[in-house]
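The values are calculated or read from the model by the stated rules, or taken from the named source; none is laboratory data. All values reported here derive from a predicted model rather than from experimental measurement. Glycine also receives a Cβ, built like all others from the backbone with ideal geometry; neighbour counts cover every protein chain displayed. In case anyone asks, the SASA skips ligands and DNA or RNA and just uses the protein heavy atoms, side chains included. Shrake-Rupley method; radii C 1.70, N 1.55, O 1.52, S 1.80 Å.
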Amino acid sequence: MRKYKDELIALLRQYKPYNQDDAQSLFLTLEFLNNNDDVFGNSNEKGHITASVWLLDFEYKNVLLTHHKKLNRWLQLGGHTESNENIHEAALREAMEESGLKELEFLTIQVFDVDVHEIPARSNLPAHFHYDIRFIIHQKIREEISISDESIDLKWIKIEEVPLYSDSPSITRMVDKMIKDKFVI
């Protein structure tokens with residue numbers, strides 16, 4: 001939907017990249033949005049906008065990561081957008097579906113991180129790109145997590161210990177934003 005695409009472009013134009021990789025991802029995402037009409041959902045074989053969350057617990061000390069079933073790696077929660085929702089709705093929906101948590105809220109509606117990564121070809125799907133828009137949210141109250149069909153495991157991990165689970169530059173960049181830049185809530 002054009003309205004959601006325009007809203008996302010405006011949101012991304014306000015985003016200040018953290019480093020060169022982040023800046024490159026922002027550039028590629030804006031280029032994808034400007035050159036494609038079909039960007040939400042997963043029907044565009046070149047790529048799709050995805051929505052992810054850096055989900056903090058209610059004490060702001062731990063982040064919830066998923067051991068992703070298909071990729072067999074620890075990642076932030078997130079996934080495909082739907083054509084009938086804006087990027088914030090998609091991020092919140094994905095967080096709730098993948099964690100089982102219901103009492104979540106955005107710390108800010110501004111973008112927390114942007115990452116572009118290639119998804120390898122598998123079965124009948126060609127290789128394509130995910131243009132991942134990430135937000136920072138937190139659980140408002142203590143709730144029990146529940147593992148979805150997309151995960152092998154879910155785990156609350158101390159922010160400073162996340163690199164023990166993932167050395168992905170996009171994950172460690174989010175850790176750096178929290179620790180080195182002393183992200184203020």
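Per the listing 45, 7, the residue uniquely in contact (Cβ under 8 Å) with a residue 60 or more places away in the chain and in a loop (DSSP other than H, G, I, E, B) is 45. Return yes when residue 137 is of a type in the set (A, V, I, L, M), touching an Asp or Glu at 6+ places or on another chain (Cβ under 9 Å), farther than 20 Å from residue 57 by Cβ and at pLDDT 95 or above and no when it is not. When the stated conditions are applied, residue 137 does not pass them.
Determine if the stretch 11-23 includes at least one residue that is polar (S, T, N, Q), in a helix (DSSP H, G or I) and out of contact with any Pro (no Cβ under 6 Å at 6 or more places or on another chain). The answer is yes; a qualifying residue exists.
Cβ separations smaller than 7 Å between residues 6+ apart or across chains give the following pairs from the stretch 59-79 residues that are closer than 12 Å to residue 156 by Cβ to residues that are modelled with pLDDT under 90 and open to solvent by less than 40 Å² (accessible area, probe 1.4 Å): 66/151.
Would you check which residues across the stretch 31-41 are open to solvent by less than 60 Å² (accessible area, probe 1.4 Å) and farther than 14 Å from residue 51 by Cα and list them?
Those that are open to solvent by less than 60 Å² (accessible area, probe 1.4 Å) and farther than 14 Å from residue 51 by Cα: 32, 33, 36.
Filtered by the rule that a residue be open to solvent by 20 Å² or more (accessible area, probe 1.4 Å) and either in contact with a Leu (Cβ under 7 Å, 6 or more places away or on another chain) or closer than 23 Å to residue 23 by Cβ (or both), the stretch 104-114 gives 107, 108, 109, 110. Residue 101 passes every criterion in (1) over 14 Å from the mean Cα position of the chain (by Cα); (2) open to solvent by 10 Å² or more (accessible area, probe 1.4 Å); (3) closer than 30 Å to residue 158 by Cα apart from (2). Restricting the stretch 20-30 to residues that are touching a residue at least 40 places away in the same chain (Cβ under 8 Å) and in contact with a helix residue (DSSP H, G or I) (Cβ under 7 Å, 6 or more places away or on another chain), the residue that is surrounded by the most Cβ atoms within 10 Å (Cβ to Cβ) is 29. From the list 33, 55, which one is in contact with a helix residue (DSSP H, G or I) (Cβ under 9 Å, 6 or more places away or on another chain), among the aliphatic types (A, V, I, L, M) and assigned to a strand (DSSP E or B)? Answer to the check: 55. The set of residues from the stretch 155-170 being surrounded by 11 or more Cβ atoms within 10 Å (Cβ to Cβ), at pLDDT 95 or above and either among the hydrophobic types (A, V, I, L, M, F, W, C) or farther than 18 Å from residue 62 by Cβ (or both) comprises 156, 157, 162. Scoring residue 121 on the criteria (1) modelled with pLDDT of 95 or more; (2) open to solvent by 20 Å² or more (accessible area, probe 1.4 Å); (3) among the aliphatic types (A, V, I, L, M) leaves a single failure, condition (1). Listed here are the strands (runs of 3 or more DSSP E) enclosed by the stretch 60-150 that have at least 1 residues being among the aliphatic types (A, V, I, L, M) and closer than 21 Å to residue 25 by Cβ: 62-68, 73-75, 77-80, 113-119, 128-139.
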